[in-house]
Structure formats: structure tokens, C-alpha cells
Amino acid sequence: MTAFIPDAPILIDQQPLLRVTAARRLYGSFVAVDDVSLEVWPGEVIGIVGESGSGKSTLLRMLNLEEPSNGGDYRLTLPGRAEQNLFDLDRFEKRALRARHIGIVYQNPHLGLMMHNSSSGNVAERLVVAGERRFAVMRRRATGALAASDFPLDRKDAPPIELSGGMQQRVQLAKAIALEPELLLLDEPTTGLDVSVQALVIDTLKRLQAERAITMIVVSHDLGVIRTLADRVLVMKQGRVVEQGLTDQVLHDPQHPYAQELVHARL
Amino acid sequence: MTRLSTLAGTWEPMSYAFLDASAKREVRRRMLKALAIPGHQVPYASREVPIARGWGTGGLQVTLSLLRPGLRVKVIDQGADDSVNAVNLRRFMMRTAAVEQTTDALEADIIQSRHRIPEETLAEGQILVLQVPDPEPLRPIEPDMSTARQMHGDADYGRMWLMLYEQIVRSGRVTQGAAYPAMVNGRHVMTPSPIPRWDLPKLHMARHITFLSAGREKRLHAVPPFTDVRPLVFDDVPFAVEDHATLTCAKSGLRGTFMNEIPLDDGGTLYETSDTGLAIKVLSTQGGTPQPIGTTWYPVTETQP
């Protein structure tokens, strides 16, 4: 009988997919995001929690390159891009990068969707922006992305305005993953949905994460969502990261007084 | 001592071709700029002319600033030379600028039109002026005009294909009838006025100059001669014009022209050639007075009516 010899532990020598250093965003003299640094490794899910006005959505919009920065360094480990500070790109490059490598789901579907176009058309928008000009391919890939986000395909040509809130979030999700982006940003993806629909959307997100190992950053004030989805958590207050760590660690044993307040706040 | 009256011109009740010199200079400068940047919309100071906005004020201002005595003008509205609007505009040009009128697309120097490009191929030296209600091709997808202008600047036209996608998903085919968007010179997307799809291919590598002018929107754009004009299409869904090629004109027996549909009392339909200039020449030839008929863009055949 041979002794069981476990494999030697594999050292993680991967580069982080995303590295933000000292990001800042000012609105006049008001500091919305103050000196935030963040590293995310491929396949990881990061949760950002904090009260309203703590800068978490602003940070997410900065990561989506739609919000300008007032300083800081933002790198994504993408072919040919690793050496560039993405905050410094011009708007053409920002647009191209956003279309190709970053997907986003907004809390308000009106921000992310054209409500009167068909749902499949909304998903296909990502493809045309990336240069796809074949109708059959657009149709097939839009349908595929909708199927991947558990959207009922018999309604794929219905305009989002006719759909329920949960369905609208699924269309947004399908649109975000249509081009298989490296980074998926979720801004309060389940806020405003009722609890059972919330659970279904979270199921879809978890399944996508398991199947495709998409790197996600989830902003939410709902600790339940964060607990279910995230590997690591950042707690933000007044534009600063006051605590970060593994989800269980932060949610069960918060150190910072504000994080303790947040975790213990229950209705 | 020089008397002021010898320096000033003799008093006239109005300027030649109605517009005063500064108005014409403004329009001409913008026309030159539009020619220099094919398909790009150039804003201009649109003046009052004695017709209502929406009845061809843009086209009229371009035509008036091009007129000189002896030119022959043709004015068409829905393909017809004898509709009220066309007759009015033509009479106005003749009164104010002493130009000659014609209904023959071959001998006209300037053709002002609302919905059609003549079936006979226009030649070098001819100028086609189209009256445009809305010069902005991005209007259906981007209601904010300053954003639309930025999209033109960035050549960010992806969402135009989304509009076509929606039409195919809804109706099984591209339903855009008039104002079908076209890429000019590989750079600017334009909307070619309310001309039908049928007429759009005629602009590609055309020998004549085309001006498209919107008086109310105060913008004009142009297609210079020998310019690439391509309708926006999917790679796998070809561009198709209206299926009028198999219809026969009830009056002249022409086949292969764009047709007007005439509903009959018994529920049936007749078709007549929309380009009356061509139809009249053909009818006149059939009646024993031969008229020269130019080459047409589409193959046109005559059958017995």
C-alpha cells in the first residue's frame, strides 16, 4: 500500500485581472471616491457594500470608464493593454474597450436598455457596436446570450417595456455577457425585485459564474446578495474603503465600527 | 465729384433670383463646403422665401443661388412636373430669375425634386437639388442632436444596423421605404431625402452633383460626382429595391420604371410611370412625334399598353 502523497500546493502566480490604485473622483469640492485601491483576480467575485452615497456606484461607473477620474491608476490585464492606465485613454479607446471587455448591469434597466426595441435587439447592440454586420450571426448570438441568462426565448423579440423587472434584468445580463467580457460589473442587480425573483436572478448569476468563471464586481447594499455571490468584500464609507477581506470574515467578524454597524443593522 | 447715384445700381423691386447677394453667398459657401465633405451636414443660414417651411424652402434656396439667365430648370414633385407645388416653384424661378423651364431630364441644367431622381441617367454638369424634410439619419436612434453630431464625428454608426435588425425581426424584411440610410464616401451616413429605395443606387458613382437641403432644419449636404454611395445593409441580407420592375405602366406601356399605384373603383389597381417627364416623351414618340430618350438607370422596356 502506497502512502497518499498529496500534490504539492500550486503557487498562485497569476496576475490580477484588474488593479486600481488610488482612484479619486471629485464633484466640485465633494470627494465621491477617495483613494480607493483594489485588486481582482480572474474568476473572482468582489462585493462592494456601503450605504447610499458611499461612492460605490461612482466607483463602478469609473471601472466601466463612463465616469472620468480625478487621479488614480486603472489597469486591466488584457492583451496589449496591460501597460496602460485606462483612466488616461481617449473616449474612442474607452468606448472600444468598454464594448469589447467590460459588461455592466445597471440597477435601473432604463439606463442600460432601449425599452422600445426588441430584447434580442438590445443584446445584438453589443454585437453591432463591436462590428458584427451579419444578421444571422447577430440573431444566433443574441439568442444564445439570452438563453444563458435564463430568459424565456419565446419572448426574445418582446420590447423590455413589456417585460417584468426580473426579465429586464435578464436582458441586461444577456447584453452584458453577449461578447463574453473579461469583467462583469453589476450595480445593485437585484434591488427592486421581489425576493423570489431576486433568488432566481442570483441563481443565474451563480451558474454563469460557475460555468464561465467570469470576473464580477457586485455593488449592493443587500448583504444577503453579497453573502451569496461574493468571494471577497469591500466596505465603503464616504468614498473610502474602510474594510476588506473574505466575505465570511467581514460579514461575521467585522472590525471597523462602520462595518459592524452595517452588518448588525437589521430591520 | 462722383454722384452717389452713379455708383449705386439702378433700383429694382427685388434681387435677381429673389435672394439678396449675402444670402446667396452664404448658401454657396455652405454648398462648397458640403461638396468638400461628401455626406456631411453643413448648417447654413436658411432665409425666408415666399413659400411655407416644409414645401421645399431648402431646395429652393439652393436652386435660387445657382440660377443665372438662360438656364433650364426642371422641378418635380412625386415624379410629376405638373403637380401644384412643382408648378409653383418653377413659375417662381422663371419670374424672379428669367430661366427657362423644361420637363426633359436630359436637357435640364438644374433639377429640383422632392421624392424622385429621374429614371434617365443624369450627366456631368447637371445638378440635382433634393428637398429634404429631415437631414439627420440618426434621428430614429438618437433623439439628442448634440449626441448625434458627436456620433457623426466618431463615425459611430453601429446602431443604424440595430434599426434594420428591428425591422427584420418585426416584419421579416427591411421595411425602410424612403430615406434609406446610405454611407457616403465610406465616412458619413446620410439620409437621402424621401426618395424611395429604388432611386438610392442611382446616387452611387453618379456623374451629376446632388445637393440635399433642409430649409427648416437649416442644414444641407451633398454628393459630389463619382462618389461612393452605399446603402447600409447586413452582410447576409442584400439590399433590395421596390419590386416595380415587373409592373407595366397603363398609359405608356413602360416596364422597369418606378410606378405610382392608382386604385380603381372596382378594387383593382393600375400602375403608371412615376417619372412623368419620361412618360410624356414616350407617349409623344408613340403618337408620332419622336423624342430623344436617354439611357435609363434600370433597364426599361416598352410593351403594348
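We did not get these values from a lab; they are worked out from the coordinates using the rules stated. Small disclaimer: the values here were computed from a predicted structure and weren't measured. Here Cβ is always computed from backbone atoms with ideal geometry, including for glycine, and neighbour counts include all displayed protein chains.
Observations
- Value at 222 nm in deg cm²/dmol, rounded to 500, when DSSP H runs of n ≥ 4 in chain A each add -39,500 (n - 2.57): -11000 deg cm²/dmol
- Taking every residue in B:155-161 and counting other chain Cβ atoms within 10 Å of its Cβ, the average works out to 5.
- Dipole axis of the range B:254-302 (+1 Lys, Arg; -1 Asp, Glu on Cβ), positive-most option in B:VAL300, B:GLY267, B:PRO290: B:PRO290
- Counted charge near B:VAL84, where neighbours are those whose Cβ lies closer than 13 Å (Asp, Glu -1; Lys, Arg +1): 0
- Whether chain B is rounded, prolate or oblate, judged on the alpha carbon gyration tensor where a/c under 1.5 counts as rounded: oblate
- Fraction of antiparallel bridges per DSSP, the protein assembly as shown only, in percent to nearest 5: 55 percent
- Placing dummy labels 7 Å off each Cα toward the beta-carbon, the span from A:LEU200 to B:SER5 is 9.1 nm.
- Computed E for B:SER171/B:GLU261 - FRET, C-beta separation, R0 25 angstrom, nearest 0.05: 0.80
- Neighbourhood charge, 13 Å Cβ-Cβ cut-off, centred on B:GLU261 and excluding it, Lys, Arg +1 and Asp, Glu -1: -3
- Estimated from the Cβ-Cβ distance and a Förster radius of 30 angstrom, the FRET efficiency linking B:THR269 and B:VAL237 is about 0.60.
- DSSP bridge pairs, chain A: antiparallel proportion in percent, nearest 5: 50 percent
- Loop-exposed GluC sites (Glu not before Pro) per DSSP, neighbour cap 15 Cβ within 10 angstrom, longest uninterrupted part of chain B: B:125-241
- The local environment of A:LEU246, defined by Cβ-Cβ distances under 15 Å, has a net charge of -4 under the rule Lys, Arg +1 and Asp, Glu -1.
- The range B:160-222 and the range B:8-45 have their alpha-carbon centroids 25 Å apart.
- In terms of its alpha-carbon gyration tensor, chain A comes out rounded; the largest-to-smallest axis ratio a/c stays below the 1.5 threshold.
- Size of electric dipole in the range B:254-302: Cβ of Lys, Arg +1 and of Asp, Glu -1, about Cα centre, debye, nearest 20: 300 debye
- Amide H to amide H, with H built 1.01 Å from N, B:GLU107 comes under 5 Å of no residue 5 or more places away or on another chain.
- Ordering of B:248-258, A:158-168 by burial proxy (mean other Cβ atoms within 10 Å per residue, highest first): B:248-258, A:158-168
- Alpha-carbon centroid distance for the pair the range A:16-56 / the range A:142-212, whole angstrom: 24 Å
- Cα-based shape type of the range B:150-305, given that a ≥ b ≥ c are square roots of the gyration tensor eigenvalues and the cut on a/c is 1.5: prolate
- Taking amide H atoms as placed 1.01 Å from N in the peptide plane, the amide H of B:HIS40 lies under 5 Å from those of B:ALA222, each 5 or more residues away in sequence or on another chain.
- Here the calculated FRET efficiency for A:LEU246 and A:LEU111, from their Cβ-Cβ distance with R0 = 25 Å, stands at 0.20, rounded to the nearest 0.05.
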